[in-house]
Amino acid sequence: MHELAICQELVNTLTEIADREQADSISEIYLSIGPLSGVEPALLENAFPIAAADSVACSAVLHLQQQPVRVVCEHCGCETEAAVNRLLCAECKGWRVRLISGDELLLERVCLEREDQRRLH
């Protein structure tokens, strides 16, 4: 289960961010995940509390936003959504497409907390 290793690396990054911003804790984490990222969202959700235990993110809420697969057609130039197992242009059905999204795992936003109750974004 490489999702645990991903979560451990995420917690390391979150700790660095919290230290840099002089935050005491992290309340919310927003991640974007594409279906071609190789990450299973349910496994990531299950692994996160284990990786975050005893860290600044131990009580953080993890928000996962799944992204669609998007391609741009080299033939007609259209940008369309595509099925995970069928990377074709939705307009001309061409197979010469370039992937523009769907393989990402991005840390989009972190909500930090300070003891003086000011919330940082």
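Read-outs throughout are calculated quantities, based only on the coordinates presented, and are distinct from any laboratory measurement. Keep in mind it's a predicted model, so treat the numbers as computed, not measured. Here Cβ is always computed from backbone atoms with ideal geometry, including for glycine, and neighbour counts include all displayed protein chains.
Miscellaneous remarks
- Here the extension length gained between Y30 and E115 equals 28.4 nm, from 0.36 nm per residue of separation less the Cα-Cα distance.
- Karplus-based coupling profile of segment 29-43, in residue order and whole Hz: 9, 10, 10, 9, 10, x, x, 9, 6, x, 10, 8, x, 5, 5, with θ = phi - 60° in 6.51 cos²θ - 1.76 cosθ + 1.60 and x standing for Gly or Pro.
- Farthest toward positive dipole pole in the chain [+1 Lys/Arg, -1 Asp/Glu at C-beta], among I33, V97, T13: V97
- Remark: the chain carries a charge dipole of roughly 560 debye about the Cα centre, counting +1 on each Lys and Arg Cβ and -1 on each Asp and Glu Cβ.
- Between L88 and Q66, the modelled label-to-label distance comes to 2.2 nm, taking each label 7 Å out from Cα in the direction of the beta carbon.
- DSSP bridge orientation in the chain - percent antiparallel, rounded to nearest 5: 75
- Residues whose amide H falls under 5 Å from that of S25, counting only those 5 or more places apart or on a different chain, are E113, with hydrogens built in the peptide plane.
- When +1 charges are put on Lys and Arg Cβ atoms and -1 charges on Asp and Glu Cβ atoms, the dipole computed for segment 29-96 relative to its Cα centre reaches about 240 debye.
- The alpha-carbon atoms of the chain, seen along their principal axes, cover 57, 30, 17 angstrom, with the largest extent given first.
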